[in-house]
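Just so it is clear, none of the values below were taken in a lab; they were calculated from the coordinates. No experiment lies behind these values; they were computed from the predicted model shown. Every residue, glycine among them, receives a Cβ derived from its backbone with ideal geometry; neighbour counts consider all protein chains shown.
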Amino acid sequence: MTEKDSISRLDALEEKINHAVGLAEIRNLINRYLFCLENGDVKGIASCFAMEDPEVSLELGRGKYQGKKEIMDFYDQRVEIGRMGGAIVEHGAAAPCVEIAGDGKTARVSLFSPGFKCLSQAGSEAWDMGRYYVELTATKDGWKFWHLQWIVVAEGDTCYGWLTQNRSYLKECEYPLLDEACKAEELVRPSDCFVDYYKPDEINKFLPEPPMPYETWDGYGVRRDTRGY
């Protein structure tokens with residue numbers, strides 16, 4: 001083997017090692033975020049986002065939060081709700097599919113997140129089946145969330161399921177004490193509160209699809225795959 005061949009093989013090995021390390025860091029970041037979310041650790045949640053990037057965003061069925069202030073306003077009041085007596089929320093991370101761009105600057109992730117939640121004071125206990133679609137950016141402090149989407153697939157009362165009541169979250173939205181906890185202007189709620197992707201009488205499109213290999217971020221995935229535009 002020539003010196004040139006050895007250098008080439010070492011370069012290829014280094015690239016594979018860096019890729020493997022990146023995959024491990026991204027999966028760990030996702031799990032850390034979910035633990036911080038369930039524990040009401042706002043500081044920990046914030047550490048998962050590229051907060052210094054003006055394009056950082058969080059998108060839910062009720063709307064999009066862009067920039068550090070809007071995102072932190074959302075998490076601050078959600079934690080206040082989560083500390084009410086009898087409140088519990090738990091979501092897992094299943095089947096994460098991770099693609100790191102060829103240039104190593106960004107990454108895309110899709111994953112299932114089955115879970116449950118309860119706000120006993122509002123008489124709400126529900127199965128909450130959703131998915132995440134995330135675009136990440138490589139920062140000097142490691143991988144961080146750049147664009148995070150939470151997509152509700154199906155949600156329903158635990159005693160009935162989502163066929164009987166596809167939007168049990170309305171119980172929480174109508175609970176009067178939430179208006180005292182949710183002071184952020186961004187939480188002006190639409191009538192259905194969430195856009196649920198599950199339809200009991202239609203062929204369901206299971207979005208988002210796993211990200212495909214890509215060379216550099218082109219603005220494509222986060223919108224067209226999950227929102228249809």
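A straight line joining the Cα centroids of the stretch 84-137 and the stretch 20-65 runs 10 Å.
Dividing the alpha-carbon Rg of the stretch 54-164 by 2.2 N^0.38 Å yields what?
Normalised by 2.2 N^0.38 Å, the Cα Rg of the stretch 54-164 equals 1.22.
Using the Karplus relation 6.51 cos²θ - 1.76 cosθ + 1.60 with θ = phi - 60°, the per-residue 3J(HN,Hα) values for the stretch 199-204 come to 10, x, 10, 9, 6, 8 Hz, with x marking Gly and Pro. Once Lys and Arg get +1 and Asp and Glu get -1 on their Cβ, which of G123, G92, A50 lies farthest toward the positive end of the dipole of the stretch 1-145? Looking along the dipole axis, the top candidate is G123. List the trypsin sites (Lys or Arg not before Pro) in the stretch 1-102 that DSSP assigns to loop (not H, G, I, E or B) and whose Cβ has at most 16 other Cβ atoms within 10 Å. Which are they? Those satisfying the criteria are R83. Computed extension length for D157-K205: 15.0 nm, one decimal, from 0.36 nm per residue of separation with the Cα-Cα distance subtracted.
Which links in K68/K117; K69/K205; K43/K144; K69/K105 stretch past 23 Å when you go from one Cα to the other?
K68/K117; K69/K205; K69/K105
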